[in-house]
1. Considering the stretch 60-87 alone, what residues qualify as being open to solvent by 100 Å² or more (accessible area, probe 1.4 Å) and modelled with pLDDT of 90 or more?
2. Looking at 104, 133, can you tell me which residue is open to solvent by less than 70 Å² (accessible area, probe 1.4 Å), touching a helix residue (DSSP H, G or I) at 6+ places or on another chain (Cβ under 8 Å), on the phi < 0 side of the Ramachandran plot and among the small types (Gly, Ala, Ser)?
3. Looking at 113, 90, which one is hydroxyl-bearing (Ser, Thr, Tyr), at pLDDT 95 or above and either open to solvent by 60 Å² or more (accessible area, probe 1.4 Å) or within 27 Å of residue 62 (Cβ to Cβ) (or both)?
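The values are calculated or read from the model by the stated rules, or taken from the named source; none is laboratory data. On a predicted model such as this, the values are computed, not experimentally measured, just so you know. Please note: Cβ atoms are built from the backbone with ideal geometry, for glycine as well, and neighbour counts cover all protein chains shown. Areas reflect the complete protein model, heavy atoms only, side chains present, ligands, DNA and RNA absent. Shrake-Rupley method; radii C 1.70, N 1.55, O 1.52, S 1.80 Å.
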Amino acid sequence: MKIESEATFLKSAVIENLLHKKEAHRAEAPVIQDEELQERRSQRFVMMGRLLITLLVLVVWEGFTRIGWLDSYYWSSPVTIAQTAWIQATQNHLLSDMLYTSGSTIIGFVAGTAIGAAIGLSFWWSKQYALISEPFLIILNAMPKLALAPIIVILLG
């Protein structure tokens, strides 16, 4: 009899434990949904903030170019840029220009990577070559890269 009562007690404890877990799971479900809702609201708020800042920058930029605070020769207005992009897209010039620019960028990246890797390997292969080149590389590294651009354009045409 005592064994049956202990077995009954254990069964009831197990059933109670399962029911408690089920109730706890039910109680957690709204919390999880609430957190997901808060996350979506937060993401929406961030996206709206980004959109508003972008629109504000474009409106201020357009306004400054129209009143003359920004020189439209150097800082074209967003409306002019959009009009030019539309004309280029409808006359099928935009795609060919984009392909040319993208191709040039990829070719330049591949060539620069290959040349840079070859120079780096040459330093690794020859210790004397690396020691001879070191002061010149330090000078080139210290020079602002923007200062090199006009010199390279003049040299290469």
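1. 66, 67, 69, 83, 86
2. Step by step, each of 104, 133 is checked, and only 133 is open to solvent by less than 70 Å² (accessible area, probe 1.4 Å), touching a helix residue (DSSP H, G or I) at 6+ places or on another chain (Cβ under 8 Å), on the phi < 0 side of the Ramachandran plot and among the small types (Gly, Ala, Ser).
3. Just a single option satisfies the conditions, and that option is 113.
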